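First the structure, in the form of structure tokens, and then the observations on it.
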Amino acid sequence: MSSDQDQRMGARHSLHRQPASENQTISTPIAFNDTSVLVLGGGNFGTCLADHLAAMGNEVTIYARDQKVVDGINNDHHNVKYMKDVVLTDTLKATSQLEDGAAIQAATVIIFSIPTQHLRDILAKTKPFVTKSHLTIFVNKGIEIHSGKLPCDIVEEVWGKEIGECATYLSGPSFAMEVVKRQPTCVSVASRVKERALRAQAVFHAPHFRVYDCDDVIGVEVAGALKNVIALAAGACAGLGFQQNARAAIITRGLAEIMRVGVKLGADPLTFSGLAGVGDLFLTAQSEKSRNYTVGFRLGRGEKLDYVLETLGSVAEGVETTKAAYELCHKIGVESPVCDAVYSVLFGGVDVKEAVKTLMSRDPHAEFHGLDLGASKK
């Protein structure tokens, strides 16, 4: 797609963002029909976003490896593995074919809803077919274990800077089941290229799904990854029987920890007070709907990690992220007591109660100790 085409798409998308009429309800998106979307990943979040965009009048295809998922979406409008009780938009299609590149070449928008630990592989497979004209939107959260890199770094490394810097990253408090039910949701989308962030905003924006643009890719990525680690800690506190004081303390001190890491890497401190920061952290670390909170809660109740993960039924990226975050924090010299405590429980064999005791027995210091605002690039 040329720059002229980019401008025309932006103009068409602006029609989509007109205010809803008096007769429209919050569950009725404003449709437009000029976008062909490919969603890579048939899990909860990929499915809910695909359904959201299909309901807005877009041509949407989900790529999933599981043929049963593909057949269920195509034949019965159900994802038989995730969201089994949800009837999906009848125009939504699915495919298990990606290697020939046809699905990618037919799309104008590609959404990556792939676990971070598998992102590099899927980027390599798509590299021969992805061009700068594609609007690429990444919704995964985490840190790659073996490299300590964020998704945005992996994208530029595999695809190259010219295409990678145009990528966009969507994050914020958005449980998939609430999105698919058209319940009010607000998220952020970040890109290093303003025009791309605005295009991604226009693609998703609807009366029930507000999207705010920003340019702080690092901040959005760090917040999205580390909030899952803090959610594990918050869940563990609840599992031990601690009530609201302890949970508030974990969330607040966890946010300070996230800020320290983000600012050290060059993020804007304000990002962490927004939807991708405190918004997503509050959602993930407060709700039984959160997979990471649930893992922590069950660990706090005394269950073993292997059994919890085996019976969870879906991916809790916070477990793998904890390992990568622990190594990253020590590498860049950022104090991370909550992350250290979670790591000690998950991978060091430390009892949850002992980890809490160690965390609470630390020497006192200033509340914003270790937060170097001079490190931010903003």
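Bear in mind that the values in this text are calculations on the coordinates, not laboratory data. Here the structure is a predicted model, which is why all the values come from computation and not from measurement. Reconstructed Cβ throughout: ideal geometry from the backbone, glycine too, with neighbour counts over all protein chains shown.
Cα axis of helix 44-55 to longest principal axis of the chain: angle in degrees, 0 to 90, nearest 10? Value to nearest ten degrees: 30. Measuring r between the beta carbons of Ser147 and Phe242 and using R0 = 41 Å, the FRET efficiency lands at 0.70.
With 26 Å as the limit, the listed pairs Lys227/Lys357; Lys141/Lys289; Lys127/Lys289 have Lys127/Lys289 beyond it between alpha carbons. Derived value for the chain: Kirkwood hydrodynamic radius 21.2 Å. Basis is the mean of 1/r over every pair of different alpha-carbon atoms.
Relative to the longest principal axis of the Cα atoms of the chain, helix 217-239 runs at roughly 50 degrees.
What Kirkwood hydrodynamic radius, in Å, does segment 320-378 give when the mean of 1/r is taken over all pairs of distinct Cα atoms and then inverted? So the Kirkwood estimate lands at 12.8 Å. When the charge dipole of the chain is built from unit charges on Cβ atoms (+1 for Lys and Arg, -1 for Asp and Glu) and taken about the Cα centre, the candidate among Leu40, Ala316, Ser133 whose Cα reaches farthest toward its positive end is Ala316. Sequence-ordered 3J(HN,Hα) estimates for segment 241-253 from the Karplus curve with 6.51, -1.76 and 1.60 and θ = phi - 60° stand at x, 5, 9, 6, 4, 5, 5, 4, 5, 4, 5, 5, 6 Hz, glycine and proline given as x.
Multiplying the residue separation of Lys93 and Lys125 by 0.36 nm and subtracting their alpha-carbon distance yields 9.4 nm.
For segment 263-272, 3J(HN,Hα) computed residue by residue from phi via the Karplus equation (6.51, -1.76, 1.60; θ = phi - 60°) reads 5, 4, 8, x, 6, 7, x, 5, 4, 6 Hz, glycine and proline entered as x. Amide H contacts of Glu59: Thr35, Val37, each under 5 Å away and 5 or more positions distant or on a separate chain (H built 1.01 Å from N in the peptide plane; Pro and chain starts excluded). Per the Debye calculation on segment 223-375 with a single equal scatterer at every Cα and no solvent contribution, log₁₀ I(q)/I(0) for q = 0.12 Å⁻¹ amounts to -0.45. Each Lys and Arg contributes +1 and each Asp and Glu -1, all at the Cβ; summed about the Cα centre of the chain, the dipole is approximately 360 debye. With angles folded into 0 to 90 degrees, how steeply does helix 317-332 sit against the dominant principal axis of the chain? Use alpha carbons for both and round to 10. Helix 317-332 and the main axis of the chain meet at about 60 degrees. Considering only Gly296, Ala276, Ala190, the residue lying farthest towards the positive end of the dipole of segment 187-312 is Gly296, judged by Cα position with unit charges set on Cβ.
The phi-based Karplus calculation (6.51 cos²θ - 1.76 cosθ + 1.60; θ = phi - 60°) puts the 3J(HN,Hα) values of segment 148-157 at x, 9, 7, x, 4, 6, 5, 4, 5, 5 Hz, whole numbers, x for Gly and Pro. Summarising the amide proton neighbourhood of Ile137: residues at separation of 5 or more, or on other chains, whose placed amide H is nearer than 5 Å comprise Ile110, Ile111, Phe112, Thr168.
Close amide-amide hydrogen proximity is noted between Asp213 and Val189, each under 5 Å apart and 5 or more residues distant or on a separate chain (H modeled in the peptide plane; Pro and chain starts excluded).
Once the Cβ-Cβ distance of Ser133 and Glu288 is raised to the sixth power relative to R0 = 41 Å, the FRET efficiency obtained is 0.45.
Overall dimensions of segment 133-172, expressed as equivalent-ellipsoid semi-axes from the Cα gyration tensor (√(5λ), whole Å, largest first), are 17, 14, 6.
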